[in-house]
Structures are given as C-alpha cells and as structure tokens.
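Here the structure is laid out as structure tokens; the discussion comes afterwards.
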Amino acid sequence: MTLTSSLGVPTVPRRIDRPPAAPPASGPLIDTYGRIATDLRVSLTDRCNLRCTYCMPAEGVPWLPAKQLLQPEETIRLIRIGVTRLGITNVRFTGGEPLVARHLEEVITATAALKPRPEIAMTTNAVGLAERAHTLKAAGLDRINVSLDSVDRKHFASITRRDRLDDVLAGLAAAKEARLEPVKVNAVLDPKTGLQDAVELVRYCLGNELQLRMIEQMPLDAGHRWTRSAILTADEVLGALREEFSIEPDAAPRGSAPAELWRVTDEASGETGLVGLIASVSHPFCGACDRTRLTPDGQIRSCLFAREESDLRSLLRAGADDDAIEAAWRAAMWRKPAGHGINDPNFIQPNRPMSAIGG
Ligand code: SAM
Ligand code: SF4
C-alpha cells in the first residue's frame, strides 16, 4: 500500500525494481525511486543577520571558513552543469541570508544567461531588500519568497531576535513594486504565539495581495532543541483559521508543490486569496520531491535531512572536467533516501543547521 499525504501525494516513494548500482549516465537527474530532480536550491552563504529561534542560537553558529566557500565562478560553473547537463529548470537562491552574499547579483546574472534559461527565485528574510529589489529584477531574478513569521512587532523581534519588522515590510513592498511576482510570504509559526500570528498574517497577506505559506517547524535548528510535541501542525493552524475566515480547499492539482492550498476569504473585508500549509512533518510529501541542493561550501545534498554529502568543491579544485562533476552529482542523487525520516523512532537530526544547508 502506498501511504499518501492529506492531498494524495505519496509520503514515501516506491523503489524502482532492482535498481542498478550506478545511475544512467545521461538524461534527467533521477534517483532509485524514480523521482526526478529539476529544482536546484543554491545556498550562497551560511551567514545571516537574523537569529531565528528555529534556525540559529542567539550567539550564532561558527561560520564556515572563507577558503571552504565556493568562489562566484565555482558556483556559476556548478549551476551551468546543473542546467545544461542535468535538466535543472528551476534555480532558487537561499542561505543563510542570500542578500548578505556579495556575489548575489553576479550569480543571478550568470544564471539568467544560461540556455535554456531556468526560472530564478530567491528565499530571503528581506532585510535590505527595499534598496535592491529593482537591481535584482534587472539581473534576472523572477520571483521571491520573503520569510515573515509575524506582523506583530514584539513577536517578530522575539522570534528573529532582531527588531527588523519595518525593514522586512519595506522589502515586501519593494518586491511587489519591482514585480518579483508572485511575491510569497513563508512563515514558520512560533509554538507560543503562532495561532494568533497566523490569523494576523492571513489578514496582512490578503490585504496586500501576497501569497502566504505556513511551514511546520522541522528539526533543523542548530541547538537541536526541536521536539515534535512543541510544534504547531498544519491541522492546528487550519483549525484556528476556520474560526476567523471562510475556507475552501483549492481545486487546482498540487503536482510536486509541497503546499496544500486553501482559498481563504475574510467575510468582514471581502478580501480573498490562496493560503498554503506545508505539513512537512505531519503529512510528509517526500514521494513528490524534485529537489537537489548545493551548500555554500560546494556539497551536494539530495535531501534537507541527508546524512551524506557529495563533495563537488574538492573535485572542482582538483581540476575535474564537467563530465566528472556531472557523474558525481548524478551518483549523489541516485543515493537519495526515500524520505526525511523525521517520524521514525531512530531519526537523527543532520549535523548541519538549516542556515548552512539552505532552506
Ligand atoms: N535567510 C533566508 C530566509 O530566512 O528566508 C533564507 C534561508 S532560510 C534557512 C530559508 C527558509 O527556511 C526560511 O523560510 C525559514 O523560515 C525556513 N526555516 C529555517 N529553519 C527552519 C526550520 N527549522 N523548520 C522549517 N523551516 C525553517
Ligand atoms: Fe537567518 Fe533565514 Fe535562519 Fe532566520 S531562517 S536565522 S533569516 S537563515
């Protein structure tokens, strides 16, 4: 029997019958479960100017040594190999905070020049975005996801440990003005204030024509303090929204998108829009995963929760040609695990925190 998440996406994929030891040498980036990766997440830096409680401790984490970080031309070469040889169609820049990576515009410009040109997106905390949204659009950025967990100034400051709500809201406004659309808001809800924050975020996003996505908190915090019982689940959030809004499931097919979409209407204001709930923990969607990840220090990760990484940086610096790098990337994805395993009794959190993997 195939287990499925609440909207029918397989929770765990079915393995290819007797998979060969090595992946095919050409064609799409496939794993032994038949999943094809077309979405490349590029973490440009592990540095960040916020300290979100579910990601970093207050004192930060030791940054990766500078000599281990990929140089701009190394990052650009790997993206080119992904797009022109491995069938990557979507590239998303993330971090750490991509806006603090000095080579962000340079890497976006080079990615936009690739043929076939991939769709280019970025996930950011938006601190400093107000001044750069137009330049990023001109460089080739197509769309943006802004992380915003609360529109209450005190809650925001307590979650991110920085009083920067006004910068983020200015960044969101600039992203809309620069037409980095659709502008999406990503929220990871705080267990204490999250249900109230969710209702206020929905009102804010409906009023400003922003697409809100609320994501269950995952065990990727550097402090390893995550516990399953403390997080707010998508079902709990939906329950709180139903008390305030009228809600219908969205009829469009979900495909590989992780969000379950709901049409939410505020009867008081008449405003309506789509709100997504991403139930990564309570209803995993690993069976539909289409992602491959590049860390700022040049490691390929087949999954956020992978225990294994594949070191492309050493290959690059040893003078490997594109064929060798392509083969190593294919081999890394071939070994992609069936699922994240968060709900398994013997689950072990990865050593790298989210800020050094790239969400
Ligand atoms: N600094 C940027 C930002 O915050 O948008 C990009 C990097 S951040 C690691 C990418 C996304 O991962 C953000 O939307 C953030 O909320 C999310 N994230 C971080 N830690 C998480 C966790 N433990 N569980 C779920 N999502 C998390
Ligand atoms: Fe920084 Fe993003 Fe992590 Fe928050 S979630 S600490 S903004 S990397």
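The values are calculated or read from the model by the stated rules, or taken from the named source; none is laboratory data. These figures come from a predicted structure and were not determined experimentally. Virtual Cβ from ideal backbone geometry, glycine too; neighbours counted across all protein chains shown.
Scan segment 92-102 and tell me whether some residue there is at pLDDT 95 or above, under 16 Å from R293 (Cβ atoms) and in a helix (DSSP H, G or I). Yes: one or more hits. Where strands (runs of 3 or more DSSP E) sit wholly within segment 179-249, those with at least 3 residues that are more than 20 Å from the chain's Cα centre (by Cα) occupy 246-249. Each residue in segment 135-158 was checked for being more than 13 Å from N125 (Cβ to Cβ), of a type in the set (D, E, K, R) and either within 15 Å of ligand 1 (Cβ to nearest atom) or crowded, with 17+ Cβ neighbours inside 10 Å (or both), and 3 pass. Restricting the first member to segment 60-72 and to residues that are assigned to a helix (DSSP H, G or I), and the second to residues that are loosely packed, with under 14 Cβ neighbours inside 10 Å, the beta-carbon pairs closer than 9 Å and six or more apart or on different chains are P72/R102.
Among the residues of segment 131-154, the ones that are closer than 30 Å to I231 by Cα and part of a loop (DSSP other than H, G, I, E, B) come to 5 in all.
Rundown of residues vs (1) out of contact with any Ser or Thr (no Cβ under 9 Å at 6 or more places or on another chain); (2) modelled with pLDDT under 95, yes/no style:
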| position | (1), (2) |
| --- | --- |
| C286 | no, yes |
| C289 | no, yes |
| T292 | no, no |
| R307 | yes, yes |
| L312 | yes, no |
| L316 | yes, no |
| D323 | yes, no |
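Would you call V107 under 25 Å from I357 (Cβ atoms), surrounded by fewer than 20 Cβ atoms within 10 Å (Cβ to Cβ) and not hydroxyl-bearing (S, T, Y)? Reasoning before the result, please.
Values: under 25 Å from I357 (Cβ atoms): yes; surrounded by fewer than 20 Cβ atoms within 10 Å (Cβ to Cβ): no; not hydroxyl-bearing (S, T, Y): yes.
Answer is no for this residue.
T123 meets all of the listed conditions (1) more than 11 Å from ligand 1 (Cβ to nearest atom); (2) assigned to a strand (DSSP E or B) but one, namely (1). Among helices (runs of 4 or more DSSP H) entirely within segment 290-359, having at least 2 residues that are crowded, with 17+ Cβ neighbours inside 10 Å and away from ligand 1 (no atom under 16 Å from the Cβ) singles out 312-317, 322-334. Being within 11 Å of ligand 1 (Cβ to nearest atom) and either of a type in the set (A, V, I, L, M, F, W, C) or out of contact with any Gly (no Cβ under 6 Å at 6 or more places or on another chain) (or both), is that true of even one residue in segment 102-116? No: zero hits. Taking the criterion of being farther than 22 Å from E200 by Cβ and buried (at least 22 other Cβ atoms within 10 Å of the Cβ), the residues of segment 121-134 that qualify are M122, A133.
Can you tell me which residues in segment 70-100 are within 14 Å of ligand 1 (Cβ to nearest atom) and touching a strand residue (DSSP E or B) at 6+ places or on another chain (Cβ under 8 Å)?
First, pick out the residues of segment 70-100 that are within 14 Å of ligand 1 (Cβ to nearest atom): 92-100.
Listed by number, the residues that qualify are R92, F93, T94, G95, G96, E97, P98, L99.
P19 meets the conditions (1) modelled with pLDDT under 95; (2) more than 16 Å from ligand 2 (Cβ to nearest atom); (3) closer than 30 Å to L189 by Cα in every case but one. The failed one is (3). Has segment 314-330 got any residue that is closer than 18 Å to G82 by Cα and aromatic (F, W, Y)? Within segment 314-330, one or more residues are closer than 18 Å to G82 by Cα and aromatic (F, W, Y).
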